[in-house]
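Note sheet for the following structure.
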Amino acid sequence: MEASSPSVFRGTCAGLLVAAVLFFLTLAVFWPARSYDFVNLDDIRYVAHNPIVTHGLSLHSVREAFTTVHEQWWLPLLWISYMADIDLFGPAAYGHHLVNLLLHAANTALLFWVLAAMTGSRWRSAFVAALFAWHPTRVEAVVWIAARKDVLSGLFAMLGLLVYSRYARNPSSRRMTLLFLLMLAGLMSKGILVMFPFLLLLLDIWPLERLRLEWSPTARRSAVDLLHEKAPLFILSAVFIGINLWTHVSGRGENVALLHRLALIPPNVFAYIDTLVFPVRLSFFYPENDTVRWLSSIGSAVALLLITLWLFLRRGKAPACFVGWLWFLIALGPILRGIRLGLARYADRWSYLPLIGLGIAVAWGIPPLRPGLRRRWISAAAVLLLSACVGFTRAYLPCWRDTLTIFQRGVEVAPDAFFLHSLYGPYLFKAGRHPEAARHLERALELQPDDAENLSILGMVWTTMGRADEALELHDKAIRLNPDIPEFHCRRGNAFFALQRWSEACADYEQTLRLDPLHAEAHFNLANLLVQDARTEDALPHYAIAARVRPDVAMNWYHWGLACEALGQTSEALAHYRRALEIQPTLFDIHSAKNTAGVESGARCETRPGTGCEGSDSPGSKGKAGEGF
């Protein structure tokens, strides 16, 4: 790797060529992801069913983005970016994936340009940018649509670094104002940029050399001046720390003792290092383990202090190594376990910006610390490392192609995680893989025997598999644990229906509606029972509510039409049949509609109210119990 030269970037054409190569190679590495589906890990809530986003860009939607806290976050630019995707590419997942890829590739090229401009070292900068771009832990941040926060805030961070590199050479209020606005935009994309002013101070140490780490009057005055110039950025960080603490209540851990929280931090740093150095068993979920092991915590804390002290003492010989290490620690700060509490112990996407620091430490720190290493060996090792990163990344990419595959990966990596089995089982059920679904839900039940939701879902699966008698025991236990969940009563009603215990099924559907008057499935199933009991007129209001609450379900309209036809309401019946055909034109033959109005359709389905039909939402239909998801 070439030696550092003055910070003015020489060879603009060569630099642009390297940046372009990095951009297009990064696109090539992640290109298969453009065809992946939404995964139901926040993609649905963030994008597909997010009312702020789904109608695309408009003055109303932009106003909503700025005035609404969604999913415990105030991130207006994130929601606006999804709106723009929908306007440009439509509501399918393709456009969102493509934009994520383009943002990450742009971040790669910008990171190279910034480092090369600051250091004058083109190939070291290219190595850091390539490591940042192609490391396997990037997959989650790039391929997961809901992780747009990382790549979008990363874009504003890279632009901010570029502006700061120019500000450091020629300070001006205009450049500081632009830097402030870029940081503000980044914070409105993800709160991780609260650490941005601290990262700029590190760059003042190296490579900008505006701050000297020594105890002298000149150094102290310089430090005070640098803090003063960044005062607006620190104030902005403080404001957004307050906003995030106010909106994001699930990660506060208010009942956790301070000493306990502090003890969780050092081991978590080494958990990230382990994942970054050995990225071989990556997953979207790493189960939390908040039991403090004091020996491990104390040992990890001592190791962190010793590493930091050693690099500080060697800062004159290898300043980049010291700065890169501090960059890694500071950028990790807001998301370290102990500072943040919540569902996961750590996540690959949270290392998006911190990895840059380790890349800097390796690229600029190792040669000075090991002067005997020959340049060709360093270059060969760099190529080998980046090739391995590409190989691992391409191998991990397909795990994110849809919900089932990423859940399967999660269970393989953490086979004893209740959370993963309880997620994977219902999606296997929706895919029609009922025995597999039952196995995972039963495993979840072994891990947490008193989880009411899992008990109810497993009961639903057993009902579908013809084990309704056994399912009733699970439903009864779930309702004893939490009697106020409408879905639990509806699922037990389905089990009673399967056993032809009509009065008990009816009682459960009625209880469901007392708890949730707009529960579409309960209205539909109760209507079928009423029709079966020759009370078709009483069933009509229930079919009407089911169809209006769930207008996307063809069988709601079809059965409403059958009931109308039975009561001689021919024109209403025809309208409902036509609506059903618009939704699912090839699923069934609307034989009553053909008799009344000559409507033509495909395959025949012998369906009477209350008996069910494959693909319907009635209790007698195959796969019915999945309706509640």
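Multiply the residue gap between ARG374 and LEU343 by 0.36 nm, knock off their C-alpha separation, and tell me the result in nm, one decimal place.
Length difference between fully extended and current span is 6.6 nm.
In what sequence do SER121, SER456, SER387 fall when counting other Cβ within 10 Å, fewest first?
SER387, SER121, SER456
Have a look at the chain and give its Rg and Dmax from the Cα atoms, expressed in angstrom.
Here Rg and the maximum Cα pair distance are 29.4, 97 Å.
For PHE89 and LEU313 in the same chain, what is the full-extension length gain: residue separation times 0.36 nm, less their Cα-Cα distance, in nm?
On the way: separation 224, 0.36 × 224 = 80.64 nm, distance 5.35 nm.
Residue separation times 0.36 nm, minus the Cα-Cα distance, leaves 75.3 nm.
Using a Förster distance of 30 angstrom, determine the FRET efficiency expected from the C-beta separation of VAL280 and LEU306, and round it to 0.05.
Values: r = 27 Å, r/R0 = 0.91.
The pair VAL280/LEU306 has a calculated efficiency of 0.65.
Over the Cα atoms of the stretch 73-118, what Rg and Dmax result, in angstrom?
13.6, 41
Could you please rank GLU140, GLU436, placing first whichever residue has the fewest other Cβ atoms within 10 Å of its Cβ?
Exposure proxy ranking, most exposed first: GLU436, GLU140.
Extending each Cα 7 Å along its Cβ direction at ASN255 and ALA534, get the distance between those two points in nm, one decimal.
5.7 nm
Hand me the trypsin sites (Lys or Arg not before Pro) from the stretch 514-548 located in a DSSP loop with no more than 13 other Cβ atoms within 10 Å, in residue order please.
ARG535
Take CYS13 and GLU510, extend 7 Å from each Cα along the Cα→Cβ direction, and tell me the distance between the two endpoints in nm.
8.6 nm
How are the C-alpha pair distances of the stretch 416-502 spread across 5 Å bins, as whole percents from the shortest bin up?
All Cα pairs considered, the percentages come to 3, 18, 27, 25, 19, 6, 1, 0.
Grab the Cα-Cα distance for VAL549 and ASN482, subtract it from 0.36 nm times how many residues apart they are, and report the gain in nm with one decimal.
Extra length available between VAL549 and ASN482 comes to 21.6 nm.
Which order do the peptides 200-211, 309-320, 523-534 come out in when sorted by mean C-beta neighbours inside 10 angstrom, highest first?
523-534, 200-211, 309-320
Calculate the spin-label point distance for VAL383 paired with TRP502, positioning each point 7 Å from the Cα along the beta-carbon direction, and give it in nanometres.
7.9 nm
Counting other beta carbons within 10 Å of each Cβ, put TRP364, TRP560, TRP113, TRP294 in order, fewest first.
TRP294, TRP113, TRP364, TRP560
Can you return the aspartates and glutamates within cross-link range of LYS190? Criterion is Cα-Cα under 12 Å, with same-chain partners fewer than 8 residues away left out.
List returned: ASP150.
Just so you know, all these numbers are worked out from the coordinates, no wet-lab data involved. Keep in mind that this is a model prediction, so the values were computed, not measured. Don't worry about glycine lacking a Cβ; one is built from the backbone with ideal geometry, like all the others, and counts go over all protein chains shown.
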